[in-house]
Amino acid sequence: MTLIKSISGIRGTIGGRPGSNLTPIDIVEFAAAYASHLLDNNKTVVVVIGRDGRLSGPHVQSLVVQTLLMMGVDVIDLGLSTTPTVELMVTHLNASGGIIITASHNPKEWNALKFLNQHGEFIDAKTGEQLLNLAQTRQFNFANVDQIGSRTSPKVNQFEHHISQLLALPTVHPSAIRKVNFTVVVDCINSTGGLLLRPLMERLGCRVILLHDADYGEFSHNPEPLEQNLDALRHAVVAHEAHLGVAVDPDVDRLAFVDEQGNYCGEEYTLVMIADWVLRHQPGSTVSNLSSTKALREITVGHGQKYHAAAVGEVNVVTKMKEVEATIGGEGNGGVIYPELHYGRDAAVGVALLLSALAYHKETLSAYRNRFPNYTIIKNKIQLTPEINVDELLSSLAALHAEQEVDTQDGVKIYFDNGWVHCRKSNTEPIIRIYAESTTSDEAHQLAYRVQIDIDEILK
């Protein structure tokens, strides 16, 4: 059982002891700390709240809402929502901030509070540190009876707002998509994906087949949109003779595709395929994190543009994107960030952009995927135990590979002649992630195994 406190929020497993798991006490402390931070700068504070479909969601949301109200904060409660939808609604409703109740790709026993600023973006490191301190010291004051906040529902349909903003983008071509009459299978994993993607697809004239489209949070499989978790989607695409399959995580900010033959396209190539389409119409820089495929760099350079790498984490990618005024960016985990809409990972905009590309090129998804350099990334992990000093471990690993090019801005990334290996401590789980990329799966596994042996020796 685990509790992870970070600059972006609090994430943990439900139940157990306060301070060691995500308990009601921890939830109240962090919600109150967030409210206190907002109240320091504003007399009137309005916070938008939404959640994914996981089992603990209604209970966590009730605690968060009541805490904010007792702090004197007004709440606009979206109920079931998606992460990108909440982000867009914060700015649309001129709110002071937002809280998304979701543990993203983590299994059902996890949940989290993710905090947004008034721009609908994840809070920065400085604000995150302030919240950590406020929660730890409990330096917040609840409101008196005359200052208790109010709870309301939005006057606009949150998903319709999201979709209308998305369809107005110059790089989304609804009329061209409608002419194709796409058949699309969507794996909603029994969370909130169907609430957004079904009406989006219908507006685009697609025949939509939803798998696992209940929203009660009993996930139908491991919620990460990885190949080993998507057998049902792959088979359904073939059985329904669909043009493609779409997989999202529980809060709909990660996206992966399956082609018309039932082949997994790889979450790493979600951003690559979509970035190529965007760069054809909007030249500019691209950004991805250090654990993402180098294929994005190659297609960016092929368009005569500049590529930039950022530390892992959405807030780090967004910071770099703003710094270089990137046209598009994201992460290799299937996260697409398109600033023309908003600075947040958004699976819905990714789907619309890919359908636009396929309609324009008049190609199958498999043919479109084959346009791009083909690399293989393998993703391993080491479970952390209390006696492991991660900083010392990574420092020793960098020293061991001093003869190679080594990047230490986020963990340790080692460049070899035939690929790279990136080792870093996870922001969301008590693990060290080991990612490796090369031209073949065997070579990528060999690189990862080589570094794994080094780590085992260091730990001895």
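Figures for the structure shown
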{"quantity": "Unique match (being within 26 Å of I100 (Cβ to Cβ) and in contact (Cβ under 8 Å) with a residue 24 or more places away in the chain) among L271, L279", "calculated": "L271"}
{"quantity": "Residue match in segment 398-418 (condition: under 22 Å from Q228 (Cβ atoms), open to solvent by 30 Å² or more (accessible area, probe 1.4 Å), modelled with pLDDT of 90 or more and part of a strand (DSSP E or B))", "calculated": "no"}
{"quantity": "Flag if A367 is of a type in the set (A, V, I, L, M), outside any loop (DSSP other than H, G, I, E, B) and surrounded by fewer than 14 Cβ atoms within 10 Å (Cβ to Cβ)", "calculated": "yes"}
{"quantity": "Restricting segment 22-75 to residues that are assigned to a strand (DSSP E or B) and open to solvent by less than 10 Å² (accessible area, probe 1.4 Å), the residue that is farthest from P430 (Cα to Cα)", "calculated": "V75"}
{"quantity": "One residue from V278, V324, V301 being open to solvent by 10 Å² or more (accessible area, probe 1.4 Å), under 24 Å from T376 (Cα atoms) and of a type in the set (A, V, I, L, M)", "calculated": "V301"}
{"quantity": "Scope segment 306-329; condition in contact with a helix residue (DSSP H, G or I) (Cβ under 6 Å, 6 or more places away or on another chain) and farther than 18 Å from A352 by Cα; matching residues", "calculated": "Y307, H308, A310"}
{"quantity": "Enumeration of residues in segment 321-333 that are over 14 Å from L290 (Cα atoms) and in contact (Cβ under 8 Å) with a residue 40 or more places away in the chain", "calculated": "E325, A326, T327, I328"}
{"quantity": "Qualifying strands (runs of 3 or more DSSP E) (wholly inside segment 78-195; at least 1 residues being touching a Phe, Trp or Tyr at 6+ places or on another chain (Cβ under 7 Å))", "calculated": "97-101, 110-116"}
{"quantity": "Candidates N111, N41 - the one that is modelled with pLDDT of 95 or more, polar (S, T, N, Q) and touching a Ser or Thr at 6+ places or on another chain (Cβ under 9 Å)", "calculated": "N111"}
{"quantity": "Qualifying position, being of a type outside the set (S, T, Y) and touching a Lys or Arg at 6+ places or on another chain (Cβ under 6 Å), among K114, K108", "calculated": "K108"}
{"quantity": "Unmet requirement for G332, which otherwise passes all of (1) out of contact with any helix residue (DSSP H, G or I) (no Cβ under 8 Å at 6 or more places or on another chain); (2) surrounded by 23 or more Cβ atoms within 10 Å (Cβ to Cβ); (3) of a type outside the set (S, T, N, Q); (4) modelled with pLDDT under 95", "calculated": "(1)"}
{"quantity": "Of all residues in segment 178-213 being crowded, with 22+ Cβ neighbours inside 10 Å and touching a Ser or Thr at 6+ places or on another chain (Cβ under 6 Å), the one that is nearest to V349 (Cα to Cα)", "calculated": "L196"}
{"quantity": "Selected residue (criterion: nearest to the chain's Cα centre (by Cα)) from residues of segment 420-460 that are assigned to a helix (DSSP H, G or I) and among the polar types (S, T, N, Q)", "calculated": "S441"}
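The values are calculated or read from the model by the stated rules, or taken from the named source; none is laboratory data. Just so it is clear, the structure is predicted and the values come from calculations on it, not from any experiment. Here Cβ is always computed from backbone atoms with ideal geometry, including for glycine, and neighbour counts include all displayed protein chains. The area values use the complete protein model at the heavy-atom level, side chains included, leaving out ligands, DNA and RNA. Shrake-Rupley method; radii C 1.70, N 1.55, O 1.52, S 1.80 Å.
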